[in-house]
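The values are calculated or read from the model by the stated rules, or taken from the named source; none is laboratory data. Given the structure is predicted, the values throughout are model-derived calculations rather than measurements. Positions of Cβ are generated from backbone atoms using ideal geometry, with glycine treated the same way; all protein chains shown enter the neighbour counts.
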Amino acid sequence: MASTTDKNVTAEIREFLSTRRARISPQQAGLPVFGGNRRVAGLRREEVALLAGMSVDYYVRLERGNLSGASDSVLDSLAHALQLNEAERAHLYDLARAATPSGRRPAMTASRVRPTILRMLDSMTDVPAYVRNGRFDILAANALGRALYAPVFDSPLFAQRGPVNTARFLFLDPAAQDFWADWGKGADDSVAFLRTETGRAPHDKALTDLIGELTTKSDEFARRWARHDVKFHRSGVKHLCHPTVGELALPYEAMDLPADAGLRINIYTPEPDSREQEALSLLASWASTGTVVPSGND
């Protein structure tokens, strides 16, 4: 009997491939269109099979969720036919590994932050930084990171349960609408990052529980989750509206910790001589003295 994880992986493969197929028109794929009455959005299965150089029966088998044993050349051909980007291609390979018995070993995630990393965080006094896992649990932060993310750390959501989780805050705390200057983009990105993590760690029960909770409690999350979008979280600009120092546009880098599987450090680096640098200097002065950062209501 198939396990719940196996069923979830099969469903994920089926939905991922069908949603990628539905978004590509024959014109985008360079295929001729005969007749004007197409009953499917995007490409038909036989069109994907043609583009990927495989039989229709084999592609149907793949889209039904059976990627077990698919070779790299098959996956590459499928990725090319469906015009997958880098993150989507990696997700396809993750799903294929999860569907193959020899690749089903759980992806381990470190459960604690090593003292060396904690000392490194504490040494960063001029920039906000924190360590998180793939579920968006913040496992450690330096003083300026806590000051920057004060609305998240102070959320009633985490008064009696931990750890602090930015995805939970984003979708379940109304204060997130004020903290994220572009809440919609933050929501889209967070869901895409979580979807990517499900391919990397399909056996992570805590991740499955988080997704189940957010899907049940947030229509906004559920609607985005149904898109099956994936995205890498590497770098960008975070737009926040801090209750004390106002709007901030902070470039960030998100880097994996090679010795700590599944953990990454996020570091925010303001432009030199910018308003953001001045605002962070103000937050840092409060954080360094142990002063409670004033709220916007004080």
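Taking ALA222, is it without any contact (Cβ under 8 Å) to a residue 24 or more places away in the chain and among the small types (Gly, Ala, Ser)? The answer is yes for ALA222. Against the test of being in contact with a strand residue (DSSP E or B) (Cβ under 8 Å, 6 or more places away or on another chain) and either of a type in the set (Gly, Ala, Ser) or not assigned by TED's automatic domain parsing to the domain that holds ASP182 (or both), the options SER274, SER235 yield a single qualifying residue, SER235.
Of all residues in region 111-131, those being in contact (Cβ under 8 Å) with a residue 40 or more places away in the chain and more than 24 Å from ALA279 (Cα to Cα) number 3.
Looking at region 24-44, is at least one residue under 21 Å from the mean Cα position of the chain (by Cα), closer than 25 Å to PHE232 by Cβ and surrounded by fewer than 20 Cβ atoms within 10 Å (Cβ to Cβ)?
The initial filter retains those residues of region 24-44 that are under 21 Å from the mean Cα position of the chain (by Cα), namely none.
The answer is no; no qualifying residue exists.
Quick one: count up the residues across region 30-52 that are on the phi < 0 side of the Ramachandran plot and modelled with pLDDT of 90 or more. Spell out the reasoning first.
In the first step, residues of region 30-52 are kept if they are on the phi < 0 side of the Ramachandran plot; the result is 31-34, 36-41, 43-52.
Subset that is modelled with pLDDT of 90 or more: 43-52.
The total comes to 10.
Evaluating ARG21 against the criteria (1) part of a helix (DSSP H, G or I); (2) surrounded by fewer than 19 Cβ atoms within 10 Å (Cβ to Cβ); (3) touching a residue at least 40 places away in the same chain (Cβ under 8 Å) leaves one unmet condition, (2). Of all residues in region 133-153, at least one satisfies being buried (at least 20 other Cβ atoms within 10 Å of the Cβ), under 30 Å from THR100 (Cα atoms) and among the aromatic types (Phe, Trp, Tyr).
For region 54-70, what are the residues that are exposed (fewer than 13 other Cβ atoms within 10 Å of the Cβ) and of a type in the set (Gly, Ala, Ser)?
Going residue by residue through region 54-70, those that are exposed (fewer than 13 other Cβ atoms within 10 Å of the Cβ) are 55, 57, 69.
SER55, GLY69 - these are the residues of region 54-70 that are exposed (fewer than 13 other Cβ atoms within 10 Å of the Cβ) and of a type in the set (Gly, Ala, Ser).
Within region 156-167, residues that are closer than 10 Å to ASP137 by Cβ reach partners that are part of a strand (DSSP E or B) and basic (Lys, Arg) with beta carbons closer than 8 Å, at six or more positions or on different chains, in the pairs THR166/ARG132. All of PRO174, PRO163, PRO156 fail the test of being surrounded by fewer than 18 Cβ atoms within 10 Å (Cβ to Cβ), closer than 22 Å to THR109 by Cβ and not charged (D, E, K, R), apart from PRO163.
Let's see how each residue does on (1) assigned to a strand (DSSP E or B); (2) at pLDDT below 95:
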position: MET54; (1), (2): no, no
position: ASN66; (1), (2): no, yes
position: ALA79; (1), (2): no, no
position: THR109; (1), (2): no, yes
position: ASP122; (1), (2): no, yes
position: THR125; (1), (2): no, yes
position: VAL131; (1), (2): yes, no
position: GLY134; (1), (2): no, yes
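In the set (1) among the small types (Gly, Ala, Ser); (2) in a helix (DSSP H, G or I); (3) under 26 Å from LEU118 (Cα atoms), the condition left unmet by GLY184 is number (3).
So that you can scan it fast, the table gives a plain yes or no per residue for (1) in a helix (DSSP H, G or I); (2) closer than 24 Å to PHE193 by Cα; (3) of a type outside the set (A, V, I, L, M, F, W, C):
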{"residue": "PRO32", "(1), (2), (3)": "no, no, yes"}
{"residue": "ALA41", "(1), (2), (3)": "no, no, no"}
{"residue": "GLU46", "(1), (2), (3)": "yes, no, yes"}
{"residue": "VAL60", "(1), (2), (3)": "yes, no, no"}
{"residue": "GLY69", "(1), (2), (3)": "no, no, yes"}
{"residue": "LEU75", "(1), (2), (3)": "yes, yes, no"}
{"residue": "ALA90", "(1), (2), (3)": "yes, yes, no"}
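Taking the criterion of being basic (Lys, Arg) and over 24 Å from GLU86 (Cα atoms), the residues of region 185-240 that qualify are LYS205, LYS217.
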